[in-house]
Amino acid sequence: MMTTVDPWDVASTATVAPRSYYGQLRLDMWFCVLQKGVGKVPFDDGQHSPDDRRTSVDIHLIPIAEQNVAFELKREPIAESREWAGIVLPSLQQAAVDAGMISDPKEIDLRKMNGAWVKAEFVGTGRKYRGRDGTERESTTFKFLAVYADEAACRAAYAADTGRLLDDDDAFDALPAAGGGNGNTKERETALQFVKVLVQQHKGDRAVVAEQIAAMPMLSKWFTIDSPEVVQLLQEAAA
C-alpha cells in the first residue's frame, strides 16, 4: 500500500536541519579576568586576584573550500563555563574517542587537537540574550561530531556525507603521494587512498561505497566496487 505524503503536513512540521561544517580546528588558551563593562582582559599577577582568574578558550574553525563559507566561525567561551565544560569539550572528547585517537575522554590532549581536521555544528547553549532588534535569541556554540586523520579524510567525509563531488585536482592535491611511481601509477595509487577513506567513512557499506566510486570520475577511472583492491578494503573493514 502506497503512503500518501501531504506537502502541507510536511511544511507544518518542518524544522531547520543543523548545518555541519568541515574544516581545520584552531585553538588558543589564555588566562583572563572578566571586567564589568569591558569584558575579558589579560590576567596580571600584579593587578588581579587569583580568585578572579579565568581561562579563555578561543575556538576557530576554518572550513574547507568546497563549503564556500564567507563568514568567520569562532566562539570564545570561558573554560570554567557550562558552554565549554558541558557542551564543547565533551563533544570534542567523544569525537576523539570515536576516531580511535584516545580510549578515554579524559586522555584528550588539547594541544594535539590544535590543527585537527573536524566536523562540527552549532547548537544552543541555553543562554538567552536580546539582539539589536530587541528579539530574544539563544546563544550557540560548537558541538564536534567527528575528528579526521587528515585533510584528505575530512574532505572525503564531506563528499560522502553531502554527495557533492570534489574538484578532481584539488582532491588529489589534498592527498599525500602514495608509492614511488610516476604518472598513471601515482594517480591510481592516490585514487586508491581516496577509496580507502570512503570505505572507512562508511564502515564498509558496499552499496554506499559503490555509489560514491561511480559518482567520482577520479575514482571510477581506476576502480569499481569489484576491483580486487576495493574488495580487499571492504573485507578489512568487515573484519
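The values are calculated or read from the model by the stated rules, or taken from the named source; none is laboratory data. Owing to the predicted nature of the structure, the values given are computational and were not obtained by experimental measurement. Cβ atoms come from the backbone with ideal geometry, glycine included; neighbour counts cover every protein chain shown.
Summary table
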| quantity | calculated |
| --- | --- |
| Candidate set: the stretch 112-130, residues that are surrounded by fewer than 17 Cβ atoms within 10 Å (Cβ to Cβ) and more than 17 Å from the chain's Cα centre (by Cα); chosen: the one nearest to Asp161 (Cα to Cα) | Gly124 |
| Output for the stretch 92-109, where each listed residue is touching a strand residue (DSSP E or B) at 6+ places or on another chain (Cβ under 6 Å) and crowded, with 16+ Cβ neighbours inside 10 Å | Leu92, Ala95, Ala96 |
| Any pair with Cβ under 8 angstrom, 6 or more apart, that starts in the stretch 65-93 at a residue that is in a helix (DSSP H, G or I) and ends at one that is small (Gly, Ala, Ser) and surrounded by fewer than 14 Cβ atoms within 10 Å (Cβ to Cβ) | Arg82/Gly126 |
| Residue, modelled with the highest pLDDT, within the stretch 140-173, restricted to residues that are part of a helix (DSSP H, G or I), among the hydrophobic types (A, V, I, L, M, F, W, C) and under 17 Å from Gln24 (Cα atoms) | Cys154 |
| Every residue from the stretch 98-112 that is closer than 22 Å to Arg19 by Cα and either without any contact (Cβ under 8 Å) to a residue 40 or more places away in the chain or of a type in the set (A, V, I, L, M) (or both) | Ala99 |
| Pair list, Cβ under 7 Å, 6 or more apart: the stretch 184-203 residue not assigned by TED's automatic domain parsing to the domain that holds Ala99, other residue acidic (Asp, Glu) and assigned to a helix (DSSP H, G or I) | Leu192/Glu229 |
| Ala70 vs. criteria surrounded by fewer than 16 Cβ atoms within 10 Å (Cβ to Cβ), of a type in the set (A, V, I, L, M), within 26 Å of Ala156 (Cα to Cα) and over 14 Å from the mean Cα position of the chain (by Cα) | yes |
| Subset of the stretch 211-224 that is in contact with an Asp or Glu (Cβ under 9 Å, 6 or more places away or on another chain) and not aromatic (Phe, Trp, Tyr) - its residue that is farthest from Ala160 (Cα to Cα) | Lys221 |
| Single residue of Lys203, Lys186 found to be of a type outside the set (Asp, Glu), assigned to a helix (DSSP H, G or I) and either at pLDDT below 85 or closer than 24 Å to Ser91 by Cα (or both) | Lys186 |
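Rundown of residues vs (1) farther than 30 Å from Ala157 by Cα; (2) surrounded by 15 or more Cβ atoms within 10 Å (Cβ to Cβ); (3) within 18 Å of the chain's Cα centre (by Cα); (4) among the hydrophobic types (A, V, I, L, M, F, W, C), yes/no style:
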residue: Val5; (1), (2), (3), (4): yes, no, no, yes
residue: Thr13; (1), (2), (3), (4): no, no, no, no
residue: Leu25; (1), (2), (3), (4): no, yes, yes, yes
residue: Cys32; (1), (2), (3), (4): yes, yes, no, yes
residue: Leu61; (1), (2), (3), (4): no, yes, yes, yes
residue: Ile78; (1), (2), (3), (4): yes, yes, no, yes
residue: Val88; (1), (2), (3), (4): no, yes, yes, yes
